[in-house]
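Read through the structure below, which is laid out as structure tokens, and then see the notes.
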Amino acid sequence: MADFPTFQNIVLTLQQYWASQGCLIMQPYHTEVGAGTFNPATFLRCLDDRPWRAAYVEPSIRPTDGRYGENPYRLSHYYQFQVILKPAPEDVQDIYLNSLVELGVDLAAHDVRFVEDDWEGPTLGAWGLGWEVWIDGMEATQFTYFQQVGGIDLNPVSVELTYGLERIAMYLQKKDSVFDLVWSGGVTYGDVYQKNEAQWSRYNFDVADTGLLFSHFADYEQECERCLAAGLPLPAYDYVLKCSHAFNLLDSRGVISVTDRTGYIARVRNLARRCAEMYLKQQQPVEE
Amino acid sequence: MTAAASHRDFLFEIGTEELPAAAARSAAAQAGPLAAQALAKHHLDMDRDSISIWVTPRRIAVYINKLPVMQQSQEITDRGPIASKAFDADGNPTRAAEGFARAKGVGVDELEVREHDGQQFVFAVSRKEGLPATAILHEACREILLGINFPKTMRWQGEGMRFSRPVRWLAAKFGSETIEFEIHGIACGGVTRGHRFLANGPVPIESAAEYKESLRAAKVIVDQEERRGAILEGLALEAGKRGASFIDPAGELEEVMYLVEFPSVQAGEFAEEHLRLPARVLTTCMQSHQRYFPLTAEDGSMMAGFLYVMNGDPASAPEITSGNERVLEGRIEDAEFSFDKDLATGVEAMRAGLGNVVFHRRLGSLEEKAVRLEALVKVFADLVDLCGPDLKTAMAAASLAKADQVSIMVQEFADLEGYIGSVYARLEGYPSDVSDAISEQYLPDSAGGNIPVTVPGAVLSIVDKADNIMAAFAVDEVPTGSRDPYGIRRAAAGISVIATRFGFDFDLEALFTEAHRLFLDQKADVNRDAAIAAAARDFVFDRIQNRLSDDGMPVEVAEAARAAGLGSMLRLEMLASALDAFRSQPAFDDLHTAYFRCTKIAAKAGADLQGATVDESLFEEETERGLFRTVAEIEPEVNRLTDSRDYAAALAAAAGIRPVVDRFFDDVMVMAEDEKVRNNRLALVLRAAAMLRRLGDPMRVAAAPKKET
């Protein structure tokens, strides 16, 4: 028996721990997202003033980050463990640090640091201040006090914790390649995903039909508008996510120029903002 | 118990979640003046030198050695009616005086008569006895805490306070007495916290004076300067053990000292095989993000090791170091992966791919940029008479200069642009002078930073910057306020420094005109107004003026030099320096007086003499002819001297006109009855003034503050 947690045990431990902290343990969202922040369990749920605690694994789809499965540190598809806590507890740093203890990190025997990192999600009209949490120089978690989401100032402030599961596993298992991670028993991360990385990199960089994607982007945008017109911010928001993913694919195909980029991001942000506004409006009690 | 002391030490600590290094540094600079201001406001007198400010990532502490236990008592005066209205002829108080005394709550017999603005008024004077400091220190603390400003702040509890990061505790001690209060729900007490991991938990502060040592026992070195010293000492020691030197080109020490509370310097290694990577790639892997300090051997070559500053328990160093080594190994391997991919692609293929990268929406791709750079090198070579191998090298470098913009390395580490392109060119066998020029194209990359050392590098750097500046003007995106998205202020400053250092004497507007024409030739969607070339030149001249004034030259002197209407940056700067030196010499007074007398009378006359010429046949007096002759003699001499850029001598020669000007004004009645004679005399003095003004505006020079001698 190895003396390190398997990849799946890391997930299970975090779920267990955050469940004990009163989080709803949720599941990944059903469409591609670039980060757990995009999941409505974070994006929409942090807008209103009702308490909310949730934790979930989110596959993060980042087409441009793929390296054909050849680079031991880069993936176009990886996992985040996302925690959202509203309102931000006063001792949230300690609560977070205890999760590392649960994962087997002896805090006094390591060099754990909170290193400034201001987070901004331009497509979501969101920003916050916080840190990257380092363990012995390794970036383990993004720790952010959300200030604004969907262009809306948040009150109360939510805290978002995003664990990079592969990095943490590589650290805990002392592996030099993500593909060597022990998922469970005799199965490695590479057994599960190396081929995926190779194929998806080919698709993302070389194969994806850009004409189709451009028209998808426009269609999704239009469908989002229709949903908003029908007063349905939840379906509308799904189309924001689809727009965002189409944009990411076009970006990895290299067909979006630097200046066009800003325009596309603004279009997605605009839709996200309107979904957020409508969602929030529908949360207010209807006046008799 | 001893007699009550008149002074005690004071401590106020703001406990925070981890502050960004820049915020900590900024707080360290602000807290002292804020404390001095707050305490002065509350009449607690102390010496500015008795304030110490200590800042770590988790705390901002104000410590005052000897603060009075009592506020100074104050005299409070209120001015009432004028004395003559307050007392009648017999000296009895009037109703006005009684009413005033009543309103101020003093007896009418306590009113005092004092002078105010030269008149006698009655005053209600009362004395406010000083309160004990303990009764008011919480107010001072509040003012310090709320007075600290950060460029970026956050909320963490609804509408509560804003700070760089959440404030989690406050502590204040006056001697051994705790100052208790509350701000935005955060209680202030007498307890601090130790190192987050090595001495976690509350640390009671027995007295203000014991604060520093109590924290030391709790593994916190609270004084940033002590931490800096310890880190520097550790770096030197660990490097020395390895026969190495540590380097810190990115200046990470200033960051690192604010990232740790309990620093110790540790050493790590990486695989020797990575030394095949270019030095700056390795340095970037170590410094950017990780903030490690690379090690170099005696000959300056990289060693396969690094130093880092740990915040953990030195007893756990081996485990912590191996973690850091693994992270670095990963970063280097990742860079190596990109490097090898780029090498496999090759510089030519990258160059061919520039058409796919947009330079600016309205200005086409980097391919067009590369074409313009080559053309501009030729234009520039003509302007400064550059030919031979330097021109050939600059042309070759211009063609390849932007190739690395499509490399993976530059996408990953933008700071390596230029450098990595030069490495790739060299590895592919391009001549080293070509690769050197490529690597120098972005210099200087900071104010006062290094500039190119090779002529082709200087040429490439100038034309690249000229193209960028012209681009901003051509698409009407000139910097406003703090917005300078294309960094053209820095480009403008850089251009002038390089021109001056290399002695490039050329008409800047001509370069911009050609740069503008290239955009038009490429059918770019740009502002077609030819005047933007002059606007771009003025923009650069503004930067020169700013730089000279930053270097201590009065802004009036730089402005005076600009008034000469020179087209060359080199000349502008040389004239400004010459004027600055000349203005403290007695001869400057001659120049100034001569110019002043000539221009004053012309201004007074208000005559429109544009294009007026001097007609010798209208001269009536010998002194008129004398001035005319003198101007005709001095002018070619001044021109000769300015042509050879000997502005000091030119100024001295021009100042020589003074006696003749004086004699002219003594003898000649300029404002003669006869209009023709009068206008001829005015034209003569204006001609003299115009000659002097080609060496700058003496009136602006005279307006500059005098030099201290």
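A short reminder: the numbers here are calculations on the coordinates, not readings from a lab. Predicted model only: the values in this text are computed from it and were never measured. Neighbour counts are summed over all protein chains in view; Cβ atoms, including those assigned to glycine, are modelled from backbone coordinates with ideal geometry.
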Put one equal scatterer on each alpha carbon of the stretch A:53-93, apply the Debye formula with no solvent term, and list log10 I(q)/I(0) at q = 0.15, 0.23, 0.24 1/Å to two decimals.
-0.53, -0.75, -0.78
In whole angstrom, the spacing between the Cα centers of the stretch B:559-604 and the stretch A:1-62 equals 72 Å
Hey, what's the Cα Rg ratio for the stretch A:7-204 versus the globular rule of thumb, 2.2 N^0.38 Å?
1.01
Can you order the peptides B:100-110, B:275-285 by their average number of other Cβ atoms within 10 Å per residue, highest first?
B:275-285, B:100-110
Per the charge dipole of the protein assembly as shown (beta-carbon charges, Lys/Arg positive, Asp/Glu negative, Cα centre), the residue among B:Gln224, A:Ala230, A:Leu241 reaching farthest to the positive end is A:Ala230
The ³J(HN,Hα) series, computed from each phi in the stretch A:83-96 with the Karplus coefficients 6.51, -1.76 and 1.60 at θ = phi - 60°, rounded to the nearest Hz and given as x for glycine or proline, is 10, 10, 10, 10, x, 5, x, 4, 9, 4, 5, 5, 4, 4
Could you compute how fast the stretch A:170-288 diffuses translationally, taking Rh as the Kirkwood radius over C-alpha pairs and applying Stokes-Einstein at 10 °C with viscosity 1.306 mPa s? Give it in µm² per second.
93 µm²/s
What average number of partner chain Cβ atoms lie no more than 10 Å from the Cβ of the residues making up B:313-322?
3
Computed for the protein assembly as shown: size of charge dipole around the Cα centre, +1 on C-beta of each Lys and Arg, -1 on C-beta of each Asp and Glu, debye to nearest 20, value 1160 debye
Could you run the Karplus curve 6.51 cos²θ - 1.76 cosθ + 1.60 with θ = phi - 60° over the stretch B:377-391 and give me ³J(HN,Hα) per residue in whole Hz, x for Gly and Pro?
4, 5, 4, 5, 4, 5, 5, 10, 6, 9, 8, x, x, 4, 5
A correct Karplus calculation of ³J(HN,Hα) over the stretch A:269-285, with 6.51 cos²θ - 1.76 cosθ + 1.60, θ = phi - 60°, whole Hz and x for Gly and Pro, returns 4, 4, 5, 4, 4, 5, 4, 4, 4, 5, 4, 5, 4, 6, 7, 5, x
Can you give the charge dipole size of the stretch A:209-283 about its Cα centre, rounded to the nearest 20 debye, using +1 on the beta carbon of Lys and Arg and -1 on the beta carbon of Asp and Glu?
260 debye
Kirkwood Rh in Å, taken over all unlike Cα pairs in the stretch B:403-454:
11.2 Å
For the pairs B:Lys152/B:Lys706; B:Lys152/B:Lys341; B:Lys600/B:Lys676; B:Lys465/B:Lys523; A:Lys174/B:Lys402; A:Lys175/B:Lys212, note any where the Cα-Cα span goes beyond 30 Å.
B:Lys152/B:Lys706; B:Lys152/B:Lys341; A:Lys174/B:Lys402; A:Lys175/B:Lys212
If the reach is capped at under 22 angstrom between alpha carbons, list the lysines near B:Lys41, excluding any in the same chain fewer than eight residues apart.
B:Lys66, B:Lys128, B:Lys173
Among A:Pro40, B:Ala97, B:Phe619, whose Cα sits farthest toward the positive end of the charge dipole of the protein assembly as shown (+1 at Cβ of Lys/Arg, -1 at Cβ of Asp/Glu, about the Cα centre)?
B:Ala97
Would you give the gap between the C-alpha center of the stretch B:515-549 and the C-alpha center of the stretch B:360-385, rounded to a whole Å?
14 Å
Tell me, what does the Kirkwood hydrodynamic radius of the stretch B:358-551 come to in angstroms if you use every pair of distinct C-alpha atoms?
16.7 Å
Would you mind checking which residues have amide H under 5 Å from B:Gly696's amide H? H placed 1.01 Å from N; only 5 or more apart, or other chain.
B:Ala564
State the antiparallel share, in %, of DSSP beta bridges confined to the protein assembly as shown, rounding to the nearest 5.
95 percent
To make sure I understand the rule: partners must be lysines, Cα under 22 Å from the Cα of A:Lys281, and not fewer than 8 residues away in the same chain. Which ones qualify?
A:Lys86
Please give the Cα centre distance for the stretch A:69-95 versus the stretch B:274-318, rounded to the nearest Å.
28 Å
In terms of the Cα gyration tensor, with a ≥ b ≥ c the square roots of its eigenvalues, is the protein assembly as shown rounded because a/c is under 1.5, prolate because a/b exceeds b/c, or oblate?
oblate
If every Lys and Arg gets +1 and every Asp and Glu gets -1 at its Cβ, then about the Cα centre the stretch A:7-204 yields a dipole, in debye to the nearest 20, of 640 debye
Going by the alpha-carbon gyration tensor, a ≥ b ≥ c the square roots of its eigenvalues, is chain B rounded (a/c under 1.5) or, if a/c is not under 1.5, prolate (a/b greater than b/c) versus oblate?
oblate
Quick one: net charge around B:Val555, please, counting Lys, Arg +1 and Asp, Glu -1 for every other residue with C-beta under 14 Å from its C-beta.
-2
Please compute, for peptide A:128-136, the average count of beta-carbon atoms on other protein chains lying within 10 Å of each residue's beta-carbon.
5
If you take the charge dipole of the stretch B:1-149 about its Cα centre, with +1 on Lys and Arg Cβ and -1 on Asp and Glu Cβ, which of B:Leu11, B:Ala22, B:Ile53 is farthest toward its positive end?
B:Ala22
Tell me what the protein assembly as shown gives for mean residue ellipticity at 222 nm when only DSSP H runs of n ≥ 4 count, each as -39,500 (n - 2.57), the sum divided by the residue total, rounded to 500 deg cm²/dmol.
-15000 deg cm²/dmol
Counting partner chain Cβ atoms within 10 Å of every residue's Cβ in A:99-110, what's the average?
3
